[in-house]
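Q: The structure follows.
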Amino acid sequence: MEPLEPLQHFLPQVWFFILGLFLFLYVLLDGFDLGVGILSLTASSEERRSILMTSLGNVWDANETWLVLMGGSLFGAFPLAYATILNALYLPAVIMVVGLILRAVSFEFRENANRKLVWNIAFGVGSFLAALGQGFALGSVFEGITVDAQGHFAGTMWDWLTWRSVLVALTLIQGYVLIGSTYLILKTEGELQKTYFKTAAIATWTTLAGAVFITISTPAFSEEARAQLFTAPLVYIFAAIPLVGLLFIGLLLRSLYLREENTPIIWTFLVFSLSFIGLGFIIFPNIIPPSVTIYEAAAAPSSLVFMLTFIGFLIPILLFYNIYNYLVFRGKIVTD
């Protein structure tokens, strides 16, 4: 066996896990951020909208750090995947970036504007567009990306737009509304809090409907997914994940019915965690579904080790900063 062969097999797996961790943290943290932005479009008064914006004021910048870190890590660890995925998902990426820019600009300008309506709408629309772009990107994971023999994109610029990707995108948006609602349950009180108990319950059912569709349609429409999931031992894991997910959904709905403040967001986090585990099993070992593996797309072992050294220091620092940030700014948003 060549000296580098174990590293060439092990390091891509490590980086696949690290990228999954970055994506998971981004979806959880910026997910409620985007969900609150979408919900701001339905706020009935400027006072209520101000409470929503204030709840994000000290955390939203840090949440997006994980997306930047994931993009840079993908470029360094799997350069082929970075080039191919961005080429295939150029338009969804543009939609997402435009949405994020709208959010950032409107959030800052709104504070100093005499007429806030335009910036309020821009923030909500930007949140929706960012979530929509991410949803289309997720949909392409289930649809697959057409590549040539070298792993380069060989499809058209509209391959990502299918009826299934639209439904996946709408499901992700509902998931963000759910996590945003459970976050606002923590941060608000009174009549406003009651509103978000209701939106959380509605979003739970709509997210569940979308998740059921994705769970059934993925193996039904994808031969690769069937081969991956319906072989032992993955078939048992694939069967268990929906059952555990239904349990978590039931506990989430129960906590909303009982008007509990702290547990809904915990159950929502667990539902998202379970979804990511299922997604990981569907994709692995591919980095460009359905045909290019992490081993084929990985950078040289020396590059992966070099990056791992710095990421190993960076992850604890970012986690500590995020945790400290949320601890400092915990508590409810109150008005005079």
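The values are calculated or read from the model by the stated rules, or taken from the named source; none is laboratory data. All of these numbers come straight from a predicted model, not from anything done at the bench. Every residue, glycine as well, gets a Cβ built from its backbone with ideal geometry; the counts of neighbours run over all protein chains shown. For accessibility, only protein heavy atoms count, side chains too; no ligands or nucleic acids. Shrake-Rupley method; radii C 1.70, N 1.55, O 1.52, S 1.80 Å.
Residue-wise test of (1) in contact (Cβ under 8 Å) with a residue 12 or more places away in the chain; (2) in contact with a helix residue (DSSP H, G or I) (Cβ under 9 Å, 6 or more places away or on another chain); (3) not acidic (Asp, Glu).
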{"residue": "Arg226", "(1), (2), (3)": "no, yes, yes"}
{"residue": "Leu229", "(1), (2), (3)": "yes, yes, yes"}
{"residue": "Ala232", "(1), (2), (3)": "no, no, yes"}
{"residue": "Leu247", "(1), (2), (3)": "no, no, yes"}
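Q: How many of the residues in segment 138-196 are among the hydroxyl-bearing types (Ser, Thr, Tyr), assigned to a helix (DSSP H, G or I) and touching an Asp or Glu at 6+ places or on another chain (Cβ under 7 Å)?
A: 1
Q: Let me ask another. For residues that are in contact with a helix residue (DSSP H, G or I) (Cβ under 7 Å, 6 or more places away or on another chain) and not aromatic (Phe, Trp, Tyr), tally how many sit in segment 309-334.
A: Going through segment 309-334 one residue at a time, the tally reaches 6.
Q: Check off (1) without any contact (Cβ under 8 Å) to a residue 12 or more places away in the chain; (2) buried (at least 19 other Cβ atoms within 10 Å of the Cβ); (3) among the aromatic types (Phe, Trp, Tyr) for Phe320 and give me the number that stays unchecked.
A: Answer for Phe320: the failing condition is (2).
Q: Among residues belonging to segment 93-130 that are more than 18 Å from Asn63 (Cα to Cα) and out of contact with any helix residue (DSSP H, G or I) (no Cβ under 7 Å at 6 or more places or on another chain), point out the one that is modelled with the highest pLDDT.
A: For segment 93-130, the residue satisfying everything is Val94.
Q: Name the pairs whose Cβ atoms lie under 8 Å apart, with the first residue in segment 49-64 and at pLDDT below 80, the second not hydroxyl-bearing (Ser, Thr, Tyr) and not in a helix (DSSP H, G or I), and 6 or more positions between them or separate chains?
A: Final answer for the pair search is Thr54/Ile333; Ser55/Ile333; Asn58/Phe329; Val59/Phe329.
Q: Determine if segment 293-305 includes at least one residue that is under 16 Å from the mean Cα position of the chain (by Cα) and open to solvent by less than 50 Å² (accessible area, probe 1.4 Å).
A: no
Q: Please find, within segment 280-332, the residue that is farthest from Ile185 (Cα to Cα) out of those that are among the small types (Gly, Ala, Ser) and in a helix (DSSP H, G or I).
A: Ser302
Q: For the list (1) within 25 Å of Ile249 (Cβ to Cβ); (2) among the small types (Gly, Ala, Ser); (3) modelled with pLDDT of 90 or more, I need the number of the one condition that Gly133 fails.
A: (1)
Q: Does segment 85-92 include one or more residues that are farther than 30 Å from Phe306 by Cα, at pLDDT 80 or above, open to solvent by 30 Å² or more (accessible area, probe 1.4 Å) and within 17 Å of the chain's Cα centre (by Cα)?
A: So far as segment 85-92 goes, no, none of its residues is farther than 30 Å from Phe306 by Cα, at pLDDT 80 or above, open to solvent by 30 Å² or more (accessible area, probe 1.4 Å) and within 17 Å of the chain's Cα centre (by Cα).
Q: Go through segment 216-246 residue by residue and tally those that are open to solvent by less than 60 Å² (accessible area, probe 1.4 Å), farther than 13 Å from Ile282 by Cα and outside any helix (DSSP H, G or I).
A: Qualifying residue count, segment 216-246: 0.
This table checks each residue for (1) touching a Leu at 6+ places or on another chain (Cβ under 6 Å); (2) in contact (Cβ under 8 Å) with a residue 60 or more places away in the chain.
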position: Tyr257; (1), (2): no, no
position: Glu260; (1), (2): no, no
position: Pro264; (1), (2): yes, yes
position: Gly280; (1), (2): no, yes
position: Val292; (1), (2): no, yes
position: Ala297; (1), (2): yes, yes
position: Ser302; (1), (2): no, no
position: Thr309; (1), (2): no, no
